Amino acid sequence: MSSPWTAPGASGPADADGPRDPQAPAASQQYGAPQQYGAPQQYGAPQQPPPGAAPGAPRRELVQAMPLFPLRPLGVGEILGAAVRIYRLRPRAVLGLAAIVFGIAFVLITLLTGAGMVPFYGEMQASLQDPTGSTEVTSVGSVGDLVLLLSTTVATGLISLLATSLVTVSLTRVALGEAVGRPVSTSEMWATMRRRGLPAIGVGLVIAVLGTLLFSILLGLGMLPILLVQEGTWYTVVPIVLGAIVGVLAVLWLWARTLLAVPAVVIEGTGVLASLRRSLQLTAGRRFWRVVGLAALLYLLYTVAVQIVASVFGVLATVLYMAILLASGFEAVVLAMAVLTILTMLGSYLASVMLAPFLSAGIVAIYADVRMRHEAWDVELIRLSREAWVADGTR
């Protein structure tokens, strides 16, 4: 006697009453087909699919479970993990944008640096070609060369600040989008740069000016004894050292207190002064020590990685520099210096491109951690994440 068991989806009692219809398997497929009663688009949210009928839902569940960082207060490892995970989530977008912006800055800085060093290259070449010649330099020429060098230094610093601010703005937007499951397109990245770029540049300029003034004032106070006494003794030199140390600490304090200003510009849409006040608020009191510790660790890893990348080109530049000098009998000094400068700056450029996403994503994670800990921002982020997930599931 045969067993009454039937295939899943078939009607047991009907099969038990008589001979089995040869078309029964087709009927089973007809009633069990996912497109008739198991399709997610017909029965609600994808997180509750019928058994065995929604192969796409687990995939969306997996994506939802792996954002840039968890939407809750973060640990140190999760913040550093967010800084690294951005490369896996959006490698082409973040590296491509950084390469374009820093590439333009690299060309401009290289030209300005070369223009500022031309007088010194000329004097060095002349002294090597005629060592017994006159080495006197007019005061007008010396002052002019110094002014040119200072001008190019300031200009290159401003270009670096401009490029860094623009890249940070776009990468901040990308990082937040990946955290809540709303990936930002390339056009949206550039649009964010256009809209929020100027306030971010303003924030960078204000911080740079304040830091310079703060250090100069404290160092100047330390130099007062030697200026008044006009004698280099221990009680006139020690204040200079103390003034320099206090000045550096003051600049570091300013940097830590204003670290979250650019994320506030992008995420909260504030202006220059409002974003600075917002950063001071987010780093006030006991929050400061956690922020400064996380930021110091992040920047330490960033600096080490930058030095590793740049040192490769530095070694190559030094080898080529010495090779050119030896091959030319120390006559092609200008060419050797040009090769050394270009390769060294190329190493800095590649290091900036490769590691800018790491730094930006890490700072965004620190910003999010502070707000989730003290302002329950995770509630809003979870809501945005669910909205994005539902919208993705209905497409």
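Where a number appears in this text, it was derived from the coordinates with a stated rule and is not lab data. These numbers were taken from a predicted model, which means no experiment stands behind them. Backbone-built Cβ (ideal geometry, glycine too); neighbour counts: all protein chains shown.
Annotation: the residues W190, W389, W289, sorted from fewest to most other C-beta atoms within 10 Å of their own C-beta, follow the order W289, W190, W389.
Taking other C-beta atoms within 10 Å as the exposure proxy, I308, I267 rank I308, I267 from fewest upward. Packing order of peptides 229-241, 174-186, highest average first: 174-186, 229-241 (average count of other Cβ atoms within 10 Å over each peptide's residues). Converting phi to 3J(HN,Hα) with the Karplus coefficients 6.51, -1.76 and 1.60 and the offset θ = phi - 60°, the range 323-338 yields 5, 5, 5, 5, 5, 9, x, 6, 9, 8, 5, 4, 4, 4, 5, 5 Hz in sequence order, with x at every glycine or proline. Largest first and in whole Å, the equivalent-ellipsoid semi-axes of the range 175-245 read 49, 13, 6, each the square root of five times a Cα gyration tensor eigenvalue. Its relative contact order, with pairs defined as Cα atoms under 8 Å and 6+ residues apart, puts the range 317-372 at 28 percent.
Whole-Hz Karplus values for the range 300-308 come out as 5, 5, 4, 5, 4, 5, 4, 5, 5 Hz, taken residue by residue from phi with 6.51 cos²θ - 1.76 cosθ + 1.60 and θ = phi - 60°; glycine and proline positions read x. Remark: C-alpha extents of the range 343-395 on the principal axes read 50, 35, 7 Å, sorted largest to smallest. Sequentially through the range 77-91, phi angles give Karplus couplings (6.51, -1.76, 1.60; θ = phi - 60°) of x, 6, 5, 5, x, 5, 5, 8, 5, 4, 5, 7, 6, 9, x Hz, Gly and Pro residues having no value and appearing as x.
Neighbour counts of C-beta atoms inside 10 Å place D378, D369 in the sequence D378, D369, starting with the fewest.
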